[in-house]
There are 2 protein chains.
Amino acid sequence: MNIIVQKYGGTSVGSIERIENVAKRIIRQKKRGDSLVIVVSAMSGETNRLISLAHEIAECPDPLHYDMLFAAGEQVSIALLAIALIKKGIEARAFLGYQVHIVTDRTYKKARIKLIEKSKIIKELEAGSVVIVAGCQGVDEEGNITTLGRGGSDTTAIALAAALNAMDCEIYTDVDGVYTSDPRIVLTARKIDKLTFDEMLEMASLGAKVLQIRSCELAKKYCVPLRVRSSFNNTKGTYIGEEVKKMEERVISAVCIDKDQARFTLLGLPFKPNIMKEIFGPLSERSIVIDMIVQNPPMGNKINLSFTVSKSDYHETKKILKKLKSRYSDSAITDEQKIAKISVVGVGMVSQSGVAHTMFDILGKHNIPIKMISTSEIKISCIVDLAQADAAANALHTGFGLDNKRT
Amino acid sequence: MNIIVQKYGGTSVGSIERIENVAKRIIRQKKRGDSLVIVVSAMSGETNRLISLAHEIAECPDPLHYDMLFAAGEQVSIALLAIALIKKGIEARAFLGYQVHIVTDRTYKKARIKLIEKSKIIKELEAGSVVIVAGCQGVDEEGNITTLGRGGSDTTAIALAAALNAMDCEIYTDVDGVYTSDPRIVLTARKIDKLTFDEMLEMASLGAKVLQIRSCELAKKYCVPLRVRSSFNNTKGTYIGEEVKKMEERVISAVCIDKDQARFTLLGLPFKPNIMKEIFGPLSERSIVIDMIVQNPPMGNKINLSFTVSKSDYHETKKILKKLKSRYSDSAITDEQKIAKISVVGVGMVSQSGVAHTMFDILGKHNIPIKMISTSEIKISCIVDLAQADAAANALHTGFGLDNKRT
């Protein structure tokens, strides 16, 4: 059995007309003889509608019931897609997370998949049905609905592809593939044909919104090659795999822009062994993901520590830090929300020196001050003023020779 | 443990403001020390929105997935109510049908409850939580979501009240109680203080929309006394029980108007023993409920048969009858959709003669021809032209002395 997992995002199923187009696309593929497992997100706008209802009631809605609310969005879209396929004479069967035992931990709003019981899906595929699975949702061991976080439908698709040993995992979205930068900001951005898991992983963590970071991790871990494609046309998209032969070797593959950043700086912390654990432990307990961390060498017996978090975690982080501050006399907190992270990514960087220097040089020539720096083997990230983010991205895209020459 | 089951209809939870009002009402009651089980419908408008999405795709959407779609409405409202209660500091726990094992048969769209596993609810109540249960939904033995049909949230509430041996079952709605007739049509209609199960059952089956007929049956079967009340004020509402002492003994309690009727007449059927089974068997298999049935005495070897169904079953009934017709040579089918059923109901009728005569007399005086007649111990129903329905109801309401004297 050739199993293909396809995931359709919210804009791809954003209206009845689009759901019917997705149905047609599925039927064409089905007629080639493949066994299809389709993962669907909520219709675009629906998730935001549900979340804003919850937030009208409470700033921090109870997470167990928040996930129950949130999961209703995918319930609607998978039922509609199944109705559309059956209406067109194709056997189809939609399943909610709990119905195919997508078992997760209990971290509501950001749950992690622990196991998928595939027998029910296999049975339906063997009977010739198209199986549709609700994206982004699972169930904990007590039977409570959990959700996997924004973009979690990709995670569902990749986890299913791994569990079912699928031949292919196609991520359908509203863009043609992965781009060298955000085309709305960098007008000369080009589609990338092939990427490694590592590059995609860095790009996802650096603000490229095409794939959620967790789904890239999962694809890399289980070696599930992905194709990111548009559901609105038939262009080839971007292939992401373990090792990819590139058409042309560039040092830098992409420039990433992440405007969802907030910076905290703790001044005058005591220089002692457990200090990092004391600070980051309580944040980690609340599932707050720390992004960049910068620590200067100690001055006297004191250190200064800066880090960034997602803007959505800003208020909670601030609350936790305020509590912690009382433990350290003479310490102070500053924070800043109007910042952005601009990064350059590429496996070519490993064997090339001078990328950092070139990056700082380009930003310097454009009078863009760098507020924080963080590097890995295949990327360099700089925090700059939010107001200068777009200019920085364009300067780097041009400076590293990524511009689409036709534009 | 004093368990009280309360059901809030769609208009009672039709907006965030209204959900918060319901939460306040629940908290007041909770503070009196009662254990509360709250059944909630989908926010008003939501069910229609979901159904119209399905109907944009298919005239007859696949029923299994239709129920999955439909059930998302209640999922949203129970999650929001739980979030509202928890925000106000009250422990609350919302459950979907499958989570508290409301097991039904597999008649999608009109499923019947077979059993409720109450242990999970009892455990939460004992822990002091307000338990919220999604109305109108259950799960079949294979784990598929089922729904109980329009108005099925009342059924959920009554079934829970029976299973939990609740002290009280309160049905909160957007009207003050059960009226002597539809106040939008009969301006002189009055609220009824007390009704017997039998009267309510007849009234529900005759088009009074306050309670679904199946829920009245269930309340009668398990002897669950009901209070129908408004969620917008604190008036007493209508009490419905096994035996009720009435303040004033009237022959007729109410005039019911049912505009959801379509009539079929089969002419020239053979007069033979199995003929009724042959006709009604295929309709029953598709869960089409037959309302009035009128058969004239045979003429020669032929009979004429008339019956009414709900307008929503019109197309399917017509399709089935067309197939059946080919079996009987010389038979013919006629049908009519622009009709209404006007009924008078009252336990007093049992001991009073002349009610039928009075009814026909009143309609005759108003030049309203009667197209079909059907009677039971405590009601008389007449089919009239749809255009004359309101006039007929008003004439009967006045003629039987039901008018509110203050109006």
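Cβ crowding within 10 Å ranks A:320, B:26 as A:320, B:26, fewest other Cβ atoms first. Peptide B:50-60 has a mean shielding of 5, counted as Cβ atoms of other protein chains within 10 Å of each residue's Cβ. Taking amide H as placed 1.01 Å from N in the peptide plane, residue B:109 has its amide H under 5 Å from the amide H of B:147, each at least 5 places away in sequence or on another chain.
Running a GNM on chain A with Cα contacts under 10 Å, which residue among A:354, A:152, A:237 ends up with the highest mean-square fluctuation? It is A:354. If you take the Cα centroid of segment B:253-275 and the Cα centroid of segment A:1-79, the two points sit 44 Å apart. The mean of 1/r over all distinct Cα pairs in the protein assembly as shown, once inverted, gives the Kirkwood hydrodynamic radius of 30.4 Å. For chain A, the equivalent ellipsoid derived from the Cα gyration tensor has semi-axes of 38, 28, 18 Å, listed largest first. Here segment A:1-109 was treated as a single set of alpha-carbon atoms; its pair distances binned every 5 Å from 0 give 2, 11, 20, 21, 18, 13, 8, 5, 2, 1 percent.
Under the combined filter of DSSP loop state and at most 10 neighbouring Cβ atoms within 10 Å, segment B:141-232 retains these GluC sites (Glu not before Pro): B:141, B:142.
Working value for segment B:13-77: equivalent-ellipsoid semi-axes of 32, 13, 5 Å, each the square root of 5 times a Cα gyration tensor eigenvalue, largest first. Peptide B:5-18 has a mean shielding of 1, counted as Cβ atoms of other protein chains within 10 Å of each residue's Cβ.
If the elastic network links every pair of Cα atoms under 10 Å, which of B:301, B:165, B:21 fluctuates the most in the Gaussian network model of chain B? Ranking B:301, B:165, B:21 by mean-square fluctuation puts B:301 first. Eigen-decomposition of the gyration tensor built on the alpha-carbon atoms of segment B:155-263 gives equivalent ellipsoid semi-axes of 21, 16, 14 angstrom, largest listed first. Each residue of segment B:225-239 was assigned a 3J(HN,Hα) from its phi angle through the Karplus expression (A = 6.51, B = -1.76, C = 1.60, θ = phi - 60°), giving x, 10, 10, 9, 9, 8, 8, 9, 8, 10, 5, 6, x, 10, 9 Hz with x at Gly and Pro. For segment B:203-299, the fraction of C-alpha pairs more than 16 angstrom apart is 73%.
How would A:119, A:343 line up from fewest to most surrounding beta-carbon atoms within 10 angstrom?
A:119, A:343
When chain B is treated as a GNM, springs tying every alpha-carbon pair under 10 Å, which of B:358, B:104, B:146 comes out with the largest mean-square fluctuation? Top of the fluctuation ranking is B:358. Label-to-label distances for residue B:285 across copies, nearest first, come out at 6.4 nm, using points 7 Å from Cα in the beta-carbon direction.
How about segment A:289-367: which trypsin sites (Lys or Arg not before Pro) there are in a DSSP loop, with at most 15 other Cβ atoms within 10 Å of their Cβ?
Within segment A:289-367, the qualifying trypsin sites (Lys or Arg not before Pro) (loop, at most 15 other Cβ atoms within 10 Å) are A:327.
Each of B:372, B:359, B:299, A:276 was scored by other Cβ atoms within 10 Å of its Cβ. Listed from fewest to most, they are B:299, A:276, B:372, B:359. Loop-located trypsin sites (Lys or Arg not before Pro) across segment A:155-195 with a Cβ neighbour count of 14 or fewer within 10 Å are A:184, with loop assigned by DSSP. Helices that extend 24 Å or more along their long axis by alpha-carbon positions and average at least -1.0 on the Kyte-Doolittle scale are, among the DSSP H runs of chain A, A:63-87. Based on alpha carbons, the Rg and Dmax found for segment B:255-399 are 16.4, 48 Å.
Each part reduced to its alpha carbon centroid, segment A:363-407 and segment B:301-327 end up 74 Å apart.
Estimated from helices alone, the mean residue ellipticity of chain B at 222 nm is -10500 deg cm²/dmol (sum of -39500 (n - 2.57) over DSSP H runs with n ≥ 4, per residue).
Values quoted throughout were computed directly from the atomic coordinates according to the rules given, and no laboratory measurement underlies them. Note that this is a predicted model, so its numbers are computed, not measured. A quick note on method: Cβ atoms are made from the backbone with ideal geometry, for glycine too, and the neighbour counts reach across all protein chains shown.
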